[in-house]
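Just so it is clear, none of the values below were taken in a lab; they were calculated from the coordinates. Quantities reported herein were computed from a predicted structural model and do not represent experimental measurements. Please note: Cβ atoms are built from the backbone with ideal geometry, for glycine as well, and neighbour counts cover all protein chains shown.
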Amino acid sequence: MKLISFFQLLLLTCILTLTGCATTDTANAIVSKNATPTLKMNGSLDANTGLLVMSAGRIQERQLQMQRPFVSYNIFKLDGENSTKVAFLPAEPSWTNQFEKGKYGFAHIRELSAGKYALQAVIGRGSSLYLPAGGGLVNIGNDKANTAIQYHFEVKPQVVNYLGEFLITEHKLTKDSIKISNRAERDINALTKKFSQIKSLTLINTTLE
């Protein structure tokens, strides 16, 4: 049995504690699904379509044992008593942290039909991670666990519907441990680097505080 060298162990620890965890090609495919296809291709939104914008992350600690949980989010379209899952927001959609020092998180954008929705917290990174070690690969698992934590919101057509920054502040995940605040300027600026058309749309700030 090959042993992991000190350098490899150190590299693994640094990656996990300081920079967060990398996503795979599969994760990138998940992120791209339902992500503004009309806006990206045509530069405008359909008459019955709006943009959902929010950000999600956690307080970042240098010590691995002190880290808050990764939390992803399911999005369900509501129709009376029925609901249909229409999108997923992974906790780590890319390599680059978009939050300020001391926090770790990302801005999210999805193109959704107008209507009522539910946002469900899911414990998990949103992807699997493989890192080299001992001449092979070590899999950092991603067993997702749905929670009873939900938020309800409405998407209005042809505008940007902003829900806020969802920040995990405690080690035990509860609804009270998710602090929601208005960081619309930061999040919109981060997203306009890829979707410049956002600036031409009206922003409706419905931060769920």
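Table for the structure above
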item: Sequence-separation-based contact order of the range 51-122, relative, with Cα cut under 8 Å and 6+ spacing, percent; result: 44 percent
item: Residue exposure sequence - Glu170, Glu92 - by fewest surrounding Cβ within 10 Å; result: Glu170, Glu92
item: Residue exposure sequence - Asp46, Asp187, Asp79 - by fewest surrounding Cβ within 10 Å; result: Asp79, Asp46, Asp187
item: Rg ratio (alpha-carbon, reference 2.2 N^0.38 Å) - the range 44-106; result: 1.47
item: Within the range 56-97: Cβ-based charge dipole about Cα centre, in debye rounded to nearest 20 (Lys, Arg +1; Asp, Glu -1); result: 160 debye
item: For His108, His152, His171, order by how many other beta-carbon atoms lie within 10 Å, fewest first; result: His152, His171, His108
item: The range 154-171 - phi-based ³J(HN,Hα) in whole Hz, Karplus 6.51/-1.76/1.60, Gly and Pro as x; result: 10, 9, 9, x, 6, 9, 8, 9, 9, 9, x, 8, 9, 10, 7, 10, 10, 6
